[in-house]
Amino acid sequence: MKRLQKIMLLLGITAAGLALLLCRSAVTAAVSNALTLCGRVLIPSLFPFMALSAFALRADAFHAAERILSPMMRKCFKLPGSCFSVVFFGFIGGYPVGANMIAELYEAGEITQNEAKRLFSFCVNAGPAFVVSAAGGAMLGSEKAGTVMLLAIFCSSSAVGLLSALWAEKKAQARSSVRRTPQDVGSALTQSVASALSGILSVCAWVILFSVIAGIARPFIKNETASLLFDTFSEVTEGVPAAYTLGGVPLTAAAISFGGICILCQLFPSMKKCGVKVSEYLGCRMVNSVLTYFVTKLLLRFVEIPVSVSSSVSAALWSNSAPAAAALLLMGSALILEINRNLPIREGELSRL
C-alpha cells in the first residue's frame, strides 16, 4: 500500500510539473493577480488584526473585560471568561485570527479540547474589512450589500455559538489553573509583529497556490455552472463574484461564511493543534453557511440593495501592483528572520527600558 501511495504521489507531482510547463501564461497571470490581491486586500484587512490579536493575548490586555464578562460567557456559551478575546477577534479579525487565538489558548491549557472545538464552530469568520469594503464595495459595487452580509454572518455565527453550548461537557474538564504570565509591552509587541508577519505570509502563499490551481483548471471546465461552483468553493475572493452570479447576495454571503477550501488549508495547523477534524470543521461551516443564506434573505426583505457586478470586477480590483506586493512579502520574510535572529537581545534591551 505504501509503495502504491508513493507511485501515485510521483505521478501526481509529474502531472503538476507538466501542467505548470504547458500552462505558463495562465500560471503567470494567476500568480500576478494573487500577489496584487494579497497586497491590496488581504494584507491590509488581515495583518493589523493578526498583530493586534497576538499582542492582546501576550500582553493580557483583555484581562479586565474577561473578568467582567465571564458570567455572560459562561451563561451564553458555556465558555470561560478567557475566551472573550477569541470571540471578539473571531468576529472582526478575519478567518485565521480566531483560529490562531484558539490554538494559543488551548496550548496554554486555558481551555479544554471540547471548548476549542466549539470555538472553532463559530469564531472563524471573515472580517468587516473584507466583507464590507472588498466583497461589498469593490466586487459588488455596494457597501450596503457588504453590511447586510456582515450582519447575516454575525447573526448566524452567534446562533451557532449559542447552539454549541448544548455540546458543552456535562462535567467540567481540568484546565490549567495557572494563567499565562503577561509579557512586557516591548516584548509582546515585537513577538506579535513577527507572529503576524509569519501568519500573513502563510495566508498569501495559500492564496497564490489556489490561484495557480484555478488558473490551470478553468480551461478544462467547460460547463459554466461547474466553473462558477469551482470558484465558489475553492477560494473565497474568486468565489464572491462567482457566487453572486449563481445566487445573488444571499449565496454570496453564504460563500463568504463557508470560506472555501483555501481557508481550510490556512487553518489546518491550528485545527491539528486543537484536535479538530476536517469533517467537524466542514460540518460547522456548512451549518454557518446555510444559516447565513436564510438570514440574508430575511434581511433583504427589509433592505433594498442596488448591486452592480460585472465579470471584470475582480480583475479590475487587482489589475496592478503585483511587483509591489511581491516586494512587500519578501521584506516581510526578511523582517521575520531578522526579528527571530535578534529577539533574545532585543527582549533584554526592552526589559531594561
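Tell me, 28, 237 in order of fewest to most beta-carbon neighbours within 10 Å?
Ordered from fewest to most neighbouring Cβ atoms within 10 Å, 28, 237 come out as 28, 237.
Beyond 18 Å, the tail of the calculated P(r) for the stretch 194-299 holds 54 percent of the Cα pairs. The alpha-carbon of residue 78 sits under 20 angstrom from the alpha-carbons of these lysines, leaving out residues fewer than 8 places away in its chain: 117, 170, 171.
Here the spin labels are modelled as points 7 Å beyond Cα on the Cα-Cβ line, and at residue 290 and residue 10 they lie 4.5 nm apart.
Simple rule: put +1 on each Lys or Arg Cβ and -1 on each Asp or Glu Cβ in the stretch 1-71, find the dipole, and look at 53, 33, 23; the Cα lying farthest toward the positive end is 23. Here the 3J(HN,Hα) profile of the stretch 157-169, calculated from phi with Karplus coefficients 6.51, -1.76 and 1.60 at θ = phi - 60°, is 5, 4, 5, 5, x, 5, 5, 5, 4, 5, 9, 5, 4 Hz, Gly and Pro shown as x. Summarised as an ellipsoid, the stretch 53-156 has semi-axes of 27, 14, 12 Å, derived from the eigenvalues of the Cα gyration tensor scaled by 5 and square-rooted, with the largest first.
Potential lengthening of the chain between residue 24 and residue 209 amounts to 65.2 nm, from the contour at 0.36 nm per residue minus the alpha-carbon distance. Here the stretch 245-263 and the stretch 285-302 have alpha carbon centers that stand 11 Å from each other.
Where a number appears in this text, it was derived from the coordinates with a stated rule and is not lab data. The shown structure was predicted, so the numbers you read here are calculated from the model rather than taken from an experiment. Positions of Cβ are backbone-derived with ideal geometry, glycine not excepted, and every protein chain shown enters the neighbour counts.
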